[in-house]
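Student: Below are the structure tokens for one structure; questions will follow.
Derivation of every value follows stated rules applied to the coordinates shown; laboratory data play no part. Not measured: the values here are computed from a predicted model. Counting neighbours? That spans all protein chains shown, and the Cβs are built from the backbone with ideal geometry, glycine included.
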Amino acid sequence: MPLRRVEVTRIDPASAEHPVTRDDELIVEEPLAIRVGGESLAVTMRTPGADAELVMGFLWAEGVIRSRDDVSSITRCARPDDPTRDNTVEVTLAPGVRSPLDDVDAPLFARRGTITSSACGVCGRRSIDDLLTSFRPVADGPGVARAVISAAVRDLHERQPMFARTGGCHAASLRTAAGEHVVTFEDVGRHNAVDKVVGARLRAGALPLAGHLLVVSGRSSFEIVQKALAAGIPVVVSVSAASSLAVDLARRGNLTLIGFARGDAMTVYAGVERIV
């Protein structure tokens, strides 16, 4: 696991004991520089692991690629003895696929030197119009039982070993509408975890993901809904609240957005007709 042990001092006012020094485990957070055609596209703060899936999901969500075949290779672009080697990847696009860095009007958020982080990226109301010109609203598709949603949220907690040890990362899990688990990833950034999910299914040739639901820890931001819409996922479930722009995009994109999914209770912000 990408964990690191550090020495900490524990102070507990409820205890009569003096402060205690001990080792603790932290989730690793490191930059990943994504280069396309030798030029920097983005830097994201992520938890190392499944970097190829992360990159594929990121490129797909940003409209840089439209197929897994648009990418010829993803490689570490530093020398083997370079300490930054594991944190820099070079994407080689397939012949005939134009790099967004060559265009004045790059798709969506792909801009020369774009910097992202483990928090959510830049978004705005104009971005909804941009997205809906690039990605179609999701199809109506099958309904999802409330019992499936509740079970998916409970199961997500069981599939977060790094969170259980550190309390410091997010997770995203993909399930079928019938409740079958497909894949789960953890990451310090919730949107990175979603990119890893989408990237894994893109590499498997399984997009679009109609008939699936995405369950995420934390809140549902605009960017989470953006990535689900790009992947054709009709239902997004989070354990916390949704942002206003996430709701706006979900409603315009015909996506079911659920928040505060805890036990058998949930708040439906959009697309209640899919819940059966």
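Student: Where both residues lie in the chain, what percent of DSSP beta bridges are antiparallel, nearest 5?
Tutor: Here the antiparallel bridges make up roughly 70 percent for the chain.
Student: If you don't mind, another one. What does the extension gain come out to for A147 and L132, with contour length at 0.36 nm per residue minus their alpha carbon separation?
Tutor: 2.3 nm
Student: How far apart, in nm, are the 7 Å Cα→Cβ label points at R10 and D23?
Tutor: The two pseudo-label positions are separated by 1.5 nm.
Student: Can you tell me which of A193, A33, A147 moves the most in a GNM of the chain? Springs connect C-alpha atoms under 10 Å apart.
Tutor: Of A193, A33, A147, the Gaussian network model singles out A147 as fluctuating most.
Student: Which option, [x] 67, 55, 32; [y] 88, 63, 29; [z] 60, 35, 34, is the value of Cα extents along the principal axes in Å that was calculated from these coordinates?
Tutor: It is the one labelled [x].
Student: Here is a follow-up. Dipole of the chain, Cα-centred, from +1 at each Lys and Arg C-beta and -1 at each Asp and Glu C-beta, to the nearest 20 debye?
Tutor: Values: 32 positive and 34 negative charges, 114 e Å.
It comes to approximately 540 debye.
Student: I'd like to compare 161-169, 67-75: which one has the highest average count of other Cβ atoms within 10 Å, and what's the full order after that?
Tutor: Order by mean packing, descending: 161-169, 67-75.
Student: Contact order normalised by length for the chain, with contacts defined as Cα pairs under 8 Å and 6 or more residues apart; what percent is it?
Tutor: About 18 percent, as a whole number.
Student: A further question follows. Can you compute the modelled spin-label distance between T176 and R262, with each label point 7 Å from Cα toward Cβ, in nm?
Tutor: Placing both labels 7 Å beyond Cα along the Cβ direction yields 3.2 nm.
Student: Highest first, please rank the peptides 148-154, 21-27, 245-251 by the mean number of other Cβ atoms sitting within 10 Å of their residues.
Tutor: 245-251, 148-154, 21-27
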